[in-house]
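Here's the structure, in structure tokens; my notes come after.
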Amino acid sequence: MSRYADIKRRAVTTFQRRVANPVLRRLPLQTVLETTGRTSGLPRRTPVGGRRVGDSFWLVSEFGERSQYVRNIRANPEVRVRIRGRWYEGTAHPLPDDDPVARLRGLPRLNSTAVRALGTDLLTVRVDLRER
């Protein structure tokens, strides 16, 4: 990762962790991904943008394998997703062979624009949903 990309990732994640995420995850209609902390074992909730397609929920991680929620998924792929105020359980699958830029074209435009602008190492993630 280039020095510029590393500085950009640190700045964006600091802003998200301290400002944006605490506000967004409290909004009732914001989509939220809940993983289990790989070290703490505690639930970790991250606001995400994505789209449900059938029994799957698709999203693109801005920082790929360096995203904390992707690291948590690698340790334990069992997750929950809150979509339009309703929780679903599921199994998350990072898809390094999927084209994240093409995938973003099918996801909500505002979030996709932000992911493209702020992201440095995009990674597609699919969550296979089960009703709770």
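Observations on the model:
- Heavy atoms of the protein chains alone define the surface here; on that basis the chain has 59 Å² accessible area per residue at 1.4 Å probe size.
- On the chain, 51 percent of the accessible area sits on carbon and sulfur atoms, based on a 1.4 Å probe.
- Dipole magnitude for the chain: about 600 debye, using +1 per Lys or Arg Cβ and -1 per Asp or Glu Cβ, origin at the Cα centre.
- Positive contributions from Lys and Arg (+1) and negative ones from Asp and Glu (-1), summed over other residues with Cβ under 14 Å from the Cβ of R116, come out at +1.
- Taking trypsin sites (Lys or Arg not before Pro) across segment 23-105, the ones in a DSSP loop with at most 13 further Cβ atoms lying within 10 angstrom of their Cβ are R26, R84, R105.
- Segment 59-101: C-alpha gyration tensor shape, a/c 1.5 cut-off, then a/b vs b/c: prolate
- If you take all other residues with their beta carbon under 10 Å from the beta carbon of P43, and give Lys and Arg +1 and Asp and Glu -1, the sum is +2.
- For A102 and A11, the difference between the fully extended length at 0.36 nm per residue and the C-alpha to C-alpha distance is 30.2 nm.
- Whether the chain is rounded, prolate or oblate, judged on the alpha carbon gyration tensor where a/c under 1.5 counts as rounded: rounded
- Take the Cα of R84, step 7 Å toward its Cβ, do the same at A114, and the gap between the two points is 2.0 nm.
The values are calculated or read from the model by the stated rules, or taken from the named source; none is laboratory data. The structure presented is a predicted model; accordingly, all values stated were derived computationally and were not measured. Please note: Cβ atoms are built from the backbone with ideal geometry, for glycine as well, and neighbour counts cover all protein chains shown. To get the accessible areas, we keep the full protein, side chains included, count just its heavy atoms, and leave off ligands, DNA and RNA. Shrake-Rupley method; radii C 1.70, N 1.55, O 1.52, S 1.80 Å.
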